[in-house]
Amino acid sequence: MNSIRDRLYSRLQQPLPGIESQLRLAHPDRIKNVRELKIPDNARISSVLVLLYPGDAEVHFPLIVRPDYPGVHSGQVGLPGGKQEPEDSSLSATALRETHEEVGIHPDTIELLGRLTPLYIPPSGFLVHPFVGWLGRSPEFAIDPAEVASLFEVSVSRLLDPNAISEERIRLQSGLQLTTPAFRFDDRIVWGATAMILSEFGEVWRQALDPTQ
């Protein structure tokens, strides 16, 4: 597992796949306007964490289900993370603090390997900064029910499986429906910004473990 961690760390120090890899899991309307989209100066800042750890001879990461609330991300699947607070010393500190608060993993136990490409989310006005972290053991999660309805774990091999990607019909909070590419893990559908972030992470992982790289 250490060799995987080392190769992933090395790959994350190089130029990232970027927006093109994110757009593979984007809604068609997002693809049309993303290159013309100007991130507003007053965009709210947040950070999320792809938290990797060993388990059953594979590497896994957690995804959380947000509680139902009157907001655009109600009930959606996402990565641990949230809004930057004034006391956070850095963007990565935000990701680590939020991960601790939401799923109970202490920042001191997480090794940050690098970051992925920031992504602006127009419906919520957040500019999300994704990070990749490594935990050397299988974790014991302790979710905060105020922020997390449930948690489930996904292996990286499953993320990379082409059969995990499908076209899904999503009903929004507004009642509108859209059809979008998404990851499906059993009965869980991962779409939108989280799917776009994981799409880039999957590409980084492939490149890190490709012996020709």
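The values are calculated or read from the model by the stated rules, or taken from the named source; none is laboratory data. What you see is a predicted model, and the numbers here were worked out from it, not measured in a lab. Cβ placement follows ideal geometry from the backbone for every residue including glycine, while neighbour counts extend to all protein chains displayed. With ligands, DNA and RNA removed, areas are computed over all heavy atoms of the protein, side chains included. Shrake-Rupley method; radii C 1.70, N 1.55, O 1.52, S 1.80 Å.
Some points to look at:
- Across segment 162-192, the qualifying residues are those that are of a type in the set (Gly, Ala, Ser) and modelled with pLDDT under 95, and the one among them that is surrounded by the most Cβ atoms within 10 Å (Cβ to Cβ) is Gly192.
- With respect to the conditions (1) more than 16 Å from the chain's Cα centre (by Cα); (2) buried (at least 21 other Cβ atoms within 10 Å of the Cβ), Gly125 lacks only one, and its number is (2).
Each row is one residue, and each column tells you yes or no for (1) within 20 Å of Val154 (Cα to Cα); (2) assigned to a helix (DSSP H, G or I); (3) open to solvent by 90 Å² or more (accessible area, probe 1.4 Å).
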| residue | (1), (2), (3) |
| --- | --- |
| Ile4 | yes, yes, no |
| Arg7 | no, yes, yes |
| Arg11 | no, yes, no |
| Pro17 | no, no, no |
| Lys32 | no, yes, yes |
| Ile39 | no, no, no |
| Val48 | yes, no, no |
| Pro54 | yes, no, no |
| Phe61 | yes, no, no |
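- Long-range neighbours under 9 Å by Cβ, at least six apart or interchain, first residue on the phi > 0 side of the Ramachandran plot and open to solvent by 40 Å² or more (accessible area, probe 1.4 Å) within segment 77-104, second of a type in the set (Ser, Thr, Tyr) and in a helix (DSSP H, G or I): none
A quick yes/no check of all residues on (1) of a type in the set (Gly, Ala, Ser); (2) part of a loop (DSSP other than H, G, I, E, B); (3) under 19 Å from Pro28 (Cα atoms); (4) at pLDDT 95 or above:
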{"residue": "Ile197", "(1), (2), (3), (4)": "no, no, yes, yes"}
{"residue": "Phe201", "(1), (2), (3), (4)": "no, no, no, yes"}
{"residue": "Trp205", "(1), (2), (3), (4)": "no, no, no, yes"}
{"residue": "Ala208", "(1), (2), (3), (4)": "yes, no, no, yes"}
{"residue": "Thr212", "(1), (2), (3), (4)": "no, yes, no, no"}
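- Every residue from segment 43-69 that is among the small types (Gly, Ala, Ser) and modelled with pLDDT of 95 or more: Ser46, Ser47
- Filtered by the rule that a residue be in contact with a helix residue (DSSP H, G or I) (Cβ under 7 Å, 6 or more places away or on another chain) and hydrophobic (A, V, I, L, M, F, W, C), segment 166-189 gives Ala182, Phe183, Phe185.
- Phe131 surrounded by 18 or more Cβ atoms within 10 Å (Cβ to Cβ), of a type outside the set (D, E, K, R), within 23 Å of Leu8 (Cα to Cα) and out of contact with any Phe, Trp or Tyr (no Cβ under 7 Å at 6 or more places or on another chain): yes
- Assessment of segment 22-42 against the conditions (at pLDDT 95 or above and under 29 Å from Ser89 (Cβ atoms)) yields at least one matching residue.
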